[in-house]
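Asker: Here's a structure for you.
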Amino acid sequence: MFYFQYKDEQQESILYQVGNNFAPVMKMRLVSGEWPAPAGDSSVSREIVVNETFIRKVGGGKPMIGEQIDVKGVTCRISGVVADFLTDTPFNPILSAVLQQIPTDSCRRCIIQTADVAQQPRIMSAIEEQWKQMFPYSPFNVGYQNEMMRDAIEASDNIARSMVGFAGVAILLCITGLFSLVSLNVMRRMREVAIRRVMGASSGHISWVLNKNYAWIFAAALLAGCLGGRFLALKLMDSIFKFNIGVQPQALLYSALGIIGMAALTIGFKIWQTLRVNPADVLRGE
């Protein structure tokens, strides 16, 4: 963190002093303004870019393009705003950030982007060989981006596995309850079903007669389940990950389609059993 004065108030932010190609390599997206002028061979850039959180916290959400702040004794102009990015891990909130480009000779770390994952071992081996020749007494410290996110990925996978287990139990209970409800309804109306079949009613018509009373209930339950599930899922993710992508619309769509499919199979199986019963046997028993 570094501290600076803005409108006679002391502010704090994370300062990233990076090379000229850092933003394109990390695929940062410019929201407004323009990219800063590159750093020289021996001088830092007099222009900086900030993230959206910086604009909200420091500028109160007002445009700050063209504003000047002091960055470690150098007066710099804000030339652009980039979309928010992870400043730590997904477990912590995004902080305000400033990116300042510095000479290549001042950089102490290197970020490498490969076109293909299969190239990584070969490239890493070549870099390590060159490193040992140039810096034989310095350790070769290297890591992959996914390894840095390992804790977040592991927590996410554990949550996903737990939710799959809970969802499986809930689905089994719902299917059992739905099958029992449909079975009781069919048993109560077996005489009516037999008469309709004798009168020439189709299978589709009989299915609609038996289940039309549940159609609106099922539709309301499906809507309430999607809204309630989205709300609870957001609450769960927000309590663990301060930065997450939320609940995607396609996730709700696929869940709703899955529930509809399982309900159709459950009801369809019971209707199929009902239609196999000879209506004459039912009427004779009555």
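Asker: As an exercise: evaluate Ser106 against (1) modelled with pLDDT under 85; (2) in the same structural domain as Asn20 (by TED's automatic domain parsing) and give the number of the one condition it does not meet.
Answerer: Answer for Ser106: the failing condition is (1).
Asker: To continue, here is another question. Can you name the number of the only condition in (1) of a type outside the set (D, E, K, R); (2) in a loop (DSSP other than H, G, I, E, B); (3) under 30 Å from Asp88 (Cβ atoms) that Val277 fails?
Answerer: In the conditions (1) of a type outside the set (D, E, K, R); (2) in a loop (DSSP other than H, G, I, E, B); (3) under 30 Å from Asp88 (Cβ atoms), Val277 misses (3) alone.
Asker: Being touching a Leu at 6+ places or on another chain (Cβ under 8 Å), within 30 Å of Ile153 (Cα to Cα) and aliphatic (A, V, I, L, M) narrows it down to one of Ile259, Ile271, Ile206, so name that one.
Answerer: Ile259
Asker: Could I ask something else about it? Does any residue of region 37-59 turn out to be farther than 21 Å from Ile111 by Cα, in a loop (DSSP other than H, G, I, E, B) and acidic (Asp, Glu)?
Answerer: no
Asker: List pairs: first in region 157-183 and within 26 Å of Ile240 (Cβ to Cβ), second surrounded by 11 or more Cβ atoms within 10 Å (Cβ to Cβ) and hydrophobic (A, V, I, L, M, F, W, C), Cβ under 9 Å, 6+ apart or cross-chain?
Answerer: That search, which allows pairs on different chains as well, returns Ile159/Leu236; Ile159/Met237; Ile159/Ile240; Met163/Ala233; Met163/Leu236; Ile171/Ile259; Ile171/Met262.
Asker: Going by what's in this entry, would Gly61 be described as among the small types (Gly, Ala, Ser) and without any contact (Cβ under 8 Å) to a residue 24 or more places away in the chain?
Answerer: When the stated conditions are applied, Gly61 passes them.
Asker: Here's a follow-up. Write out, first by first residue and then by second, each pair whose Cβ atoms fall under 7 Å of each other, whose residues are 6+ apart or on separate chains, and whose first residue, in region 14-32, is touching a residue at least 24 places away in the same chain (Cβ under 8 Å) while the second is charged (D, E, K, R).
Answerer: Note: pairs meeting the criteria are Val31/Glu52.
Asker: Still on this structure, please answer the following. Only residues that are assigned to a loop (DSSP other than H, G, I, E, B), in contact (Cβ under 8 Å) with a residue 12 or more places away in the chain and within 18 Å of Asn20 (Cα to Cα): list them for region 86-115, please.
Answerer: Selection gives Ile102, Pro103, Cys107, Ile111, Ile112, Gln113.
Asker: How about region 95-115: which of its residues are surrounded by fewer than 19 Cβ atoms within 10 Å (Cβ to Cβ) and over 16 Å from Pro38 (Cβ atoms)?
Answerer: Leu95, Arg108, Arg109, Cys110, Ile111, Ile112, Gln113, Thr114, Ala115
Asker: Just to be sure I understand the filter: pairs with C-beta atoms under 6 Å, separated by 6 or more residues or on different chains, first member in region 218-244 and under 16 Å from Ile260 (Cα atoms), second member loosely packed, with under 15 Cβ neighbours inside 10 Å and at pLDDT below 85. Which pairs pass?
Answerer: Close Cβ pairs satisfying both conditions: none exist.
Asker: Identify, please: which residue in region 60-79 is among the hydrophobic types (A, V, I, L, M, F, W, C) and in a strand (DSSP E or B) and is, among those, surrounded by the most Cβ atoms within 10 Å (Cβ to Cβ)?
Answerer: Ile78
Asker: Please work out which one of (1) under 30 Å from Arg56 (Cβ atoms); (2) at pLDDT 85 or above; (3) of a type outside the set (A, V, I, L, M, F, W, C) is the condition Tyr137 fails and give its number.
Answerer: Single failed check for Tyr137: (1).
Asker: Quickly run through region 66-105 and pick out the residues that are among the basic types (Lys, Arg) and within 20 Å of Gln145 (Cα to Cα).
Answerer: none
Asker: Quick one: is Ala215 closer than 30 Å to Met149 by Cα, small (Gly, Ala, Ser) and out of contact with any His (no Cβ under 9 Å at 6 or more places or on another chain)?
Answerer: No; evaluated as a whole, the condition is false for this residue.
Asker: Turning to a different aspect of this structure: Which of the residues that make up region 1-58 are more than 12 Å from Ile102 (Cα to Cα) and out of contact with any strand residue (DSSP E or B) (no Cβ under 9 Å at 6 or more places or on another chain)?
Answerer: Lys7, Asp8, Glu9, Pro24, Val25, Lys27, Arg56
Asker: Output the qualifying pairs, or none if there are none: Cβ atoms under 6 angstrom, residues six or more apart or on different chains, first residue in region 251-268 and under 16 Å from Ser180 (Cβ atoms), second residue of a type in the set (A, V, I, L, M) and part of a helix (DSSP H, G or I).
Answerer: Listed by first residue and then by second, the contacts come to Thr266/Ile175; Thr266/Leu178; Ile267/Val182.
The values are calculated or read from the model by the stated rules, or taken from the named source; none is laboratory data. Every value quoted in this text rests on a predicted model; they were computed, and no experiment measured them. In this analysis, Cβ positions are derived from the backbone assuming ideal geometry, glycine residues included, and neighbour counts consider all displayed protein chains.
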